[in-house]
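These notes concern the structure reproduced below.
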Amino acid sequence: MSHSIISTLTALLLTATAVQAIPQAYIVGGQSHTAASDFPYFVEMIGCGGALITPDAVLFAAHCGNVIGNQVIISSFHSHTLEGNGNGAHVRFCEDWVQHSKWDVNTGINWDFALCKLDSPVENLADGAILEWENTPSLNQGDDLIVMGYGYLTEGGYGPEYLNSVVVPYIPNNRCREPGMYGGGITDQMLCAGFMAGGKDACQGDSGGPIVKRVGNVDHHVGVVSFGQGCARASKPGVYARTSEAVPWIRETLCSNRFNSVWCDDYSPSPPVVCNEAQLDVLLLTDGYGKENSWRLTVQDSDELITKRQYTANNFGNSHSICLNQMECYTFNMTDYFGDGMCSDPNCGFYELRIPGEEPFFQGGSFEFSQLTRFCIDNNGNKVDVLPDVPQGDNNNNSNNNNNNGGGGGRRKNKKNGKKGKGGKNGRRRDRQRDLHVETGDGETETRERVLRVRTREILE
């Protein structure tokens, strides 16, 4: 059977450098925003920004890297929180990720586009400007463009608590190619925007975010924050990946069998994942620095990754269910990159692992950088410390007892020859994921018992 993850958020009421360098970007000289309606399509990612271009897809920059398993916040305007939840911010996970096929990892500047496929579509987006990306208007020198993000407010400084935006004028490519600016480093797949005198710009921390041309209540997505030399320097405007150049690739990728976006005419809903052999439930509440928390589930004594999660939202409850194989052992690795575990005063987080119908076999959160939990699943789907000896010919672990995941060629045990079959990317079916989330209302920590009492109450948007 294949390993699959069904991630359902329950109500856990527990509370740049030279042109050839790696792209960097941040907002300087802009203004702060305190409402999701200002830019309802803006997506907060880990270290980058993005734009929700369809209910289940985010357009951002290729140089932001692999985001599979990362938590993102849609309609974000208050960093790492879901302030304004309801018709405000929404939390999802990136279930898949694709960089533009022509993006060059060595230079990281041309064709700087990527797409994140969300684990479930976003509905009830906050009222406000509508984002249009398929039919972008022509741009003329001096046209006002708006760029937004959580990047640094000054070169080498710090990012803001609330989303910032700045208006910068469009600069034609022939002007941006002049020797005093970027010379021949500007391709037809890029556009420039900024003031010749400097002072306002987008740079580090804003990578991947959108730059738009506002016409009435419609924001036309014209570019993706890509790179710049320094920050808001004279004659060094921000450089963006030009959206119109990527439209054919975006359409093709969204409607491929791999992405199967709800936006496409031939969209085909995937059957729900059902765990028939065994299931692991992971309940987790992030602390006040959610972005430090992540975990990986692997097959024990191997590098085979079952699934992973990296969080963004602070003081936020999450619940995930992962389908496992019987007669196999696993390692759950919980990490905190700052080294203080899941406890930042005054609000501490925690996590627990359990098999449905059983008491949690692990509860914790107090560690430094990493905490390992090893366990096995016997031939009855129960958690054990070590696998029992199974007599040859025992049919309790039936080879036909697979996940009902609608096909997908998952990782399966071959009972006939003992080899493991492979299917999909990296020898394993891409996990179907669905994540719905709710934030603690007042930010105060209640008891773990309160969480367990309400863990079955699903919050559906």
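Read-outs: derived from the displayed coordinates by stated rules, not from any lab. It should be emphasised that the depicted structure is a prediction, and the values quoted were computed from it without experimental measurement. Note that we place each Cβ from the backbone using ideal geometry, even for glycine, and neighbour counts take in every protein chain shown.
By other beta-carbon atoms within 10 Å, ranking Ile211, Ile130 with the fewest at the front produces Ile130, Ile211. Rounded is the label for region 101-239, because a/c, from the alpha-carbon gyration tensor with a ≥ b ≥ c as root eigenvalues, stays below 1.5. Summing Lys and Arg as +1 and Asp and Glu as -1 over all other residues whose Cβ lies under 12 Å from the Cβ of Trp111 gives a net charge of -2. Fully extending the segment from Asn333 to Asp104 would add 79.2 nm, taking 0.36 nm per residue of separation and subtracting the current Cα-Cα distance.
Taking the Cα centre of region 320-373 as reference, the dipole from Cβ charges on Lys and Arg (+1) and Asp and Glu (-1) amounts to some 140 debye.
If you take all other residues with their beta carbon under 12 Å from the beta carbon of Gln310, and give Lys and Arg +1 and Asp and Glu -1, the sum is +2. Counting neighbouring Cβ atoms within 10 Å and putting the fewest first, the residues Arg92, Arg242 line up as Arg242, Arg92. Among Ser244, Ser76, Ser370, a tally of other beta-carbon atoms within 10 Å of each Cβ gives an order, fewest to most, of Ser370, Ser244, Ser76. For Asp219, the residues whose modelled amide H falls within less than 5 Å of its own, excluding neighbours fewer than 5 places apart on the same chain, are Ile130, Leu131, Glu132. Dividing the Cα radius of gyration of region 204-289 by 2.2 N^0.38 Å, with N the residue count, gives 1.69.
Provide the FRET efficiency to the nearest 0.05 for the Arg296-Arg251 pair, computing r from the beta carbons and using R0 = 30 Å. Present the calculation step by step, with values, prior to reporting the outcome.
Numbers: r = 34 Å, r/R0 = 1.12.
Once the sixth-power term is evaluated, E becomes 0.35.
Region 54-68 and region 209-226 have Cα centres lying 16 Å from one another.
Please give the FRET efficiency for Ser268 paired with Asp127, using the beta carbon to beta carbon distance and R0 = 30 Å, rounded to the nearest 0.05.
Details: r = 31 Å, r/R0 = 1.02.
The formula returns an efficiency of 0.45 here.
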